[in-house]
Structures are given as C-alpha cells and as structure tokens.
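Taking it in order: structure first as structure tokens, then the write-up.
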Amino acid sequence: MEKMKKGADKNMGEVAIYPGSFDPITYGHIDIVERALEIFDKVIIAIAENEEKRPLFSVGERLQMVKAFFKDTPKVIVDSFKGLLVDYVAKTNAIVILRGLRATSDFEYEFHMASMNRSLDTHLDTLFMMTSKDYFFVSSRTIKEVARLGGGVEGLVPDLVVRRLKEKFKLPVAKKKQIRWDD
Ligand code: PNS
C-alpha cells in the first residue's frame, strides 16, 4: 500500500487517473467515473492525443464533450495528454490508473497495457472496475458505427454526444415529431 501511495498528496486526497481515447465518451465510461468517485477523492479523466488511432473527434472536441458532462462535478478533472501515460501520471498526484473491463475479451489488451505500464513504472498499478450490466455492450467503436449508419444511440451516450455524432455524420438532429393527418 505504501508503494501505491508514493505520489499521493495528503492535501489533495487520493486521486485516480482514468485514461482513454474517449472517442467519444459513453455512459459506460461515465458509470466507471461515478463509481470511482465513491472510492477516490478525485478522478482525472486523461484523454489520449493519439492520432495514430485516427479518432473521429479531435482532442479539443473530446475535451469539450467530457468537460460539459462533468461541469458540475468538481471532483472530476478533465485533461489531455500526449506520449506515454506513465510520464503523464508522474506529473500528477494520482496513485493508480483506473480502467473499466466489459468482458473477458477486454482482458488480454488490458493485461498487456497494465503490465507494460508497470514495467515502465514499477510503482504504478492499474485498478480494474467491471462495467455495469447496463453498459457491458457499449463501446466508443460500436457507438460510432451505429451512429454512422443512422441507428439510435440515445441513452448510451450523453445528449451532447448524440448531437455531435449526428453533426459529424451529417444526420438530421431530431425535431419534435409532428403528426400530419394527411400523410
Ligand atoms: O480508450 P483506449 O483507446 O482503450 O485507451 C488506450 C490508452 C489511451 C489508455 C492507451 O493507448 C495509452 O495509454 N496510450 C498512451 C501511450 C502509452 O503510454 N502507451 C504504453 C501503454 S501500452
């Protein structure tokens, strides 16, 4: 435990860092953050500026969507980073990396990433939280695919994200349905 607390700042409480692409943020991510806030005093959402992954949304757009959602939650800090996650974590007072696990299919990727990060910084551990049953099928990738093909993603991502996806894919933003009896 002492090892994990290496970077902790007593005045700041215990901080977890939640890194990811968040392209875009989903309610699956949000659920992890909200549950983590019951354990940690602060959560830093760290959006990776990884252009190799050819994100749909620019880092500025992703930051804006995440910040808008958590604007009334001072315990959540939203930031972006370039380069190695371990280097970014070292500049913060986070004591642990937080990641969500949806299914066993996530395990191998997450295991490799956590092991690599631990090899780069032996003091840095990754804590996994199981995604809630309501969101285990939700991923940014499937959200983008469904939205691109005109499917509804309401209730799976915040309303602002629904609107941004529609703008990206040039789909009509829903208006109130009007009943016309002559149709
Ligand atoms: O949401 P994602 O795309 O699964 O998040 C992956 C992320 C951003 C956490 C990971 O790719 C990352 O940490 N990138 C920064 C570069 C890095 O540190 N790589 C070494 C760890 S394998």
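Between 0 and 90 degrees, the angle of helix 59-69 with respect to the longest Cα principal axis of the chain falls at about 80 degrees. Between the Cα long axis of helix 27-36 and the first principal axis of the chain there is an angle of about 30°, rounded to the nearest 10. Angle of helix 159-168 to the longest C-alpha principal axis of the chain, folded into 0 to 90 degrees and rounded to 10: 70°. Annotation: extensible slack from Thr122 through Glu61 equals 18.6 nm (criterion: 0.36 nm per residue apart, minus Cα-Cα distance).
In this structure Lys42 has an accessible area near 50 Å², from a 1.4 Å probe over the protein heavy atoms. Accessible area per residue for the chain, computed on protein heavy atoms with a 1.4 Å probe, is 62 Å². Here the Debye sum runs over all C-alpha atoms of the range 1-145 as equal scatterers in vacuum, and log10 of I(q)/I(0) at q = 0.15 Å⁻¹ comes out as -0.75. The charge dipole of the chain, taken about the Cα centre with unit charges on the Cβ atoms of Lys, Arg (+1) and Asp, Glu (-1), comes to about 540 debye, rounded to the nearest 20.
So how much slack lies between Lys75 and Asp159, counting 0.36 nm per residue of separation and subtracting their Cα-Cα distance, in nm?
Details: separation 84, 0.36 × 84 = 30.24 nm, distance 2.17 nm.
Additional length available on full extension: 28.1 nm.
Share of the chain's accessible area from carbon and sulfur, percent, 1.4 Å? Write out the running numbers ahead of the final one.
Details: 6120 of 11310 Å².
Of all accessible area on the chain, carbon and sulfur atoms account for 54 percent.
The values are calculated or read from the model by the stated rules, or taken from the named source; none is laboratory data. Because the structure is predicted, anything quoted here is derived from the model rather than measured. Note that we place each Cβ from the backbone using ideal geometry, even for glycine, and neighbour counts take in every protein chain shown. Quick note on the areas: whole protein, heavy atoms, side chains included, nothing else; ligands and nucleic acids left out. Shrake-Rupley method; radii C 1.70, N 1.55, O 1.52, S 1.80 Å.
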